[in-house]
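Here it is, the structure, as structure tokens.
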Amino acid sequence: MSCEEPTTSPTPENNITVVSSDGKEFLLDLKLTEQSETLARLISNFEYDRTDVKKDPVPLGNITSAQMQKIIEWLQHHRYYPKWEQNDIHYSTSFTFETWVEEYLNIPNNEMFELLNAANYLNIPRLFSTICRIMASRITGKSAEQIRTVLNIKTDVKNDVYTGIPIQEDSSSSEDGMSEISLSPSPPPI
Amino acid sequence: MAVPPNTKPIPILKLPFIPLNYIIQHFYPLTLLDFSLLSKKCRHIIKSTNLVKYDMGLSFQPDEYLIRFQRKDTLKFFFSINILRERNKYLQTEMRPYSNNGNEVSIEFAKFWVNYVCDLFRTKFNLLFLDSNASIDQMSAYLILNTNMKLLQLILAF
């Protein structure tokens with residue numbers, strides 16, 4: 001899907017400032033924030049869409065500047081797309097994505113994981129759904145052992161509930177790699 | 001799709017429930033089965049997600065699609081005897097899929113996997129597929145599976 005982008009120049013009145021967890025400020029067009037249910041609700045509650053209301057910067061303590069930049073790139077690309085409508089979720093054996101989306105999400109798994117958390121926090125349904133589908137596509141068609149490797153899951157079954165027979169724990173996988181991923185980035189220094 | 005720049009594991013179990021649930025709903029049923037075999041936690045995650053909205057059937061027909069998921073008369077997906085036999089090892093069972101004479105699907109094998117799949121997808125089977133020379137054991141399969149059975153529809157192939 002592609003949409004033609006009308007040429008409009010943003011004015012200072014229709015912007016808000018958001019502050020990432022590492023203290024970096026981003027100027028966001030109000031039109032872009034419509035894609036984020038969290039931001040849209042905040043703007044509506046504080047009436048930031050009115051020109052006579054003073055707009056304080058919005059702190060986004062769960063989102064780093066790198067994630068915010070990536071999200072803004074997404075919002076700008078989908079600026080003129082119609083509102084996202086969630087269809088019924090169905091399992092799939094094949095997944096197709098726009099070329100732009102494939103390039104956009106051709107990022108390391110840990111970055112995608114963080115981006116999914118950010119999309120979930122900001123409630124950007126199109127981005128959230130796309131990342132979930134991309135993640136599912138990386139699992140589909142893989143054997144149990146491959147899934148174990150891709151998802152870094154170790155066995156926690158001591159005695160199988162069906163057979164009662166002890167199951168060997170898988171010592172080959174470890175969750176050490178997860179510690180590198182920060183779910184809640186530390187707040188900016190005061 | 002382009003190959004991602006690295007192959008670092010995706011710590012999917014660290015996701016909040018909503019995104020995790022959303023990802024899982026996109027899994028193909030065989031992937032769901034494999035995912036459930038990885039750990040007890042994975043099994044519970046699948047069980048907590050309302051995934052299967054199809055009629056489930058047990059089949060002793062020659063196609064060897066032991067567990068079938070259907071919507072009306074359309075087969076949506078299946079777990080064949082081979083698929084299930086290959087996964088015996090994850091449940092530490094060496095249950096043989098065929099009875100001693102080698103021709104007939106073992107009722108115990110069917111029972112084991114039907115119970116597992118019913119428990120996993122929190123569903124009950126309501127279709128029994130038999131062919132014309134089904135054994136007495138196969139015809140009475142519903143008796144040993146009655147805890148995982150709802151109103152049964154018998155489908156015979158001649």
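The values are calculated or read from the model by the stated rules, or taken from the named source; none is laboratory data. Computed from a prediction, not measured in an experiment: that's the story for all the values here. Using ideal geometry, Cβ is built from the backbone for each residue, glycine included, and neighbour counts are taken over all protein chains shown.
Being of a type in the set (A, V, I, L, M, F, W, C), closer than 21 Å to residue B:139 by Cα, at the interface with chain A (Cβ under 9 Å from one of its Cβ atoms) and out of contact with any strand residue (DSSP E or B) (no Cβ under 6 Å at 6 or more places or on another chain): is that true of residue B:112 here?
Answer is yes for this residue.
Let me ask something else about it. Of all residues in segment A:139-160 being of a type outside the set (A, V, I, L, M) and outside any loop (DSSP other than H, G, I, E, B), which is farthest from residue A:71 (Cα to Cα)?
Initially, segment A:139-160 is screened for residues of a type outside the set (A, V, I, L, M), giving A:140-143, A:145-146, A:148-149, A:152, A:154-156, A:158-160.
Now narrow it down to the ones that are outside any loop (DSSP other than H, G, I, E, B): A:145-146, A:148-149, A:159.
Numbers: A:145: 33, A:146: 30, A:148: 29, A:149: 28, A:159: 44 Å.
Looking at residues that are of a type outside the set (A, V, I, L, M) and outside any loop (DSSP other than H, G, I, E, B), I get A:159.
Out of all the residues in segment B:76-97, which are assigned to a helix (DSSP H, G or I) and surrounded by fewer than 16 Cβ atoms within 10 Å (Cβ to Cβ)?
At the first step, the residues of segment B:76-97 found to be assigned to a helix (DSSP H, G or I) are B:81-86, B:88-91.
Within segment B:76-97, B:82, B:86, B:89 meet the criteria.
Does segment B:103-152 hold any residues that are basic (Lys, Arg) and either within 19 Å of residue B:77 (Cα to Cα) or modelled with pLDDT of 80 or more (or both), and which are they?
B:111, B:122, B:124
So for segment B:59-72 (the condition being hydroxyl-bearing (Ser, Thr, Tyr) and touching a strand residue (DSSP E or B) at 6+ places or on another chain (Cβ under 8 Å)), does at least one residue qualify?
From segment B:59-72, those hydroxyl-bearing (Ser, Thr, Tyr) are B:59, B:65; that's our starting set.
Now narrow it down to the ones that are touching a strand residue (DSSP E or B) at 6+ places or on another chain (Cβ under 8 Å): B:59, B:65.
Scanning segment B:59-72 turns up at least one residue that is hydroxyl-bearing (Ser, Thr, Tyr) and touching a strand residue (DSSP E or B) at 6+ places or on another chain (Cβ under 8 Å).
Further question: Can you find, within segment B:56-72, the residue that is modelled with the highest pLDDT among those that are of a type outside the set (A, V, I, L, M, F, W, C) and not in a strand (DSSP E or B)? Spell out the reasoning first.
So the first thing to find is which residues in segment B:56-72 are of a type outside the set (A, V, I, L, M, F, W, C), and the list is B:57, B:59, B:61-65, B:68, B:70-72.
Imposing the further condition that a residue be not in a strand (DSSP E or B) reduces the set to B:61-65, B:72.
Numbers: B:61: 83, B:62: 82, B:63: 83, B:64: 84, B:65: 90, B:72: 80.
Here the residue is B:65.
Quick check on segment B:21-32. Is at least one of its residues within 14 Å of chain A (Cβ to nearest Cβ), farther than 22 Å from residue B:91 by Cα, of a type in the set (Phe, Trp, Tyr) and in a loop (DSSP other than H, G, I, E, B)?
Looking through segment B:21-32, none of the residues is within 14 Å of chain A (Cβ to nearest Cβ), farther than 22 Å from residue B:91 by Cα, of a type in the set (Phe, Trp, Tyr) and in a loop (DSSP other than H, G, I, E, B).
Restricting to segment A:29-55, name every residue that is in contact with a helix residue (DSSP H, G or I) (Cβ under 6 Å, 6 or more places away or on another chain), under 18 Å from residue A:129 (Cα atoms) and surrounded by fewer than 17 Cβ atoms within 10 Å (Cβ to Cβ).
Scanning segment A:29-55 gives A:34, A:38.
Out of everything in segment B:73-97 that is of a type in the set (Ser, Thr, Tyr) and at pLDDT 85 or above, what residue ends up being nearest to residue B:29 (Cα to Cα)?
Result: B:80.
For residue B:48, indicate whether it is farther than 29 Å from residue A:104 by Cα, surrounded by fewer than 15 Cβ atoms within 10 Å (Cβ to Cβ) and more than 7 Å from every other protein chain (Cβ to nearest Cβ). Write out each step before concluding.
Values: farther than 29 Å from residue A:104 by Cα: yes; surrounded by fewer than 15 Cβ atoms within 10 Å (Cβ to Cβ): yes; more than 7 Å from every other protein chain (Cβ to nearest Cβ): yes.
Considered against the rule, which asks whether it is farther than 29 Å from residue A:104 by Cα, surrounded by fewer than 15 Cβ atoms within 10 Å (Cβ to Cβ) and more than 7 Å from every other protein chain (Cβ to nearest Cβ), residue B:48 comes out as yes.
Condition test on residue B:40, is it of a type in the set (Lys, Arg), within 13 Å of chain A (Cβ to nearest Cβ) and free of Cβ contacts under 8 Å to residues at least 40 places away in the same chain?
Considered against the rule, which asks whether it is of a type in the set (Lys, Arg), within 13 Å of chain A (Cβ to nearest Cβ) and free of Cβ contacts under 8 Å to residues at least 40 places away in the same chain, residue B:40 comes out as yes.
Here is a yes/no grid of residues against (1) surrounded by 16 or more Cβ atoms within 10 Å (Cβ to Cβ); (2) more than 10 Å from every other protein chain (Cβ to nearest Cβ):
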residue	(1), (2)
A:72	yes, yes
A:82	no, yes
A:85	no, yes
A:98	no, yes
A:116	yes, no
A:121	yes, no
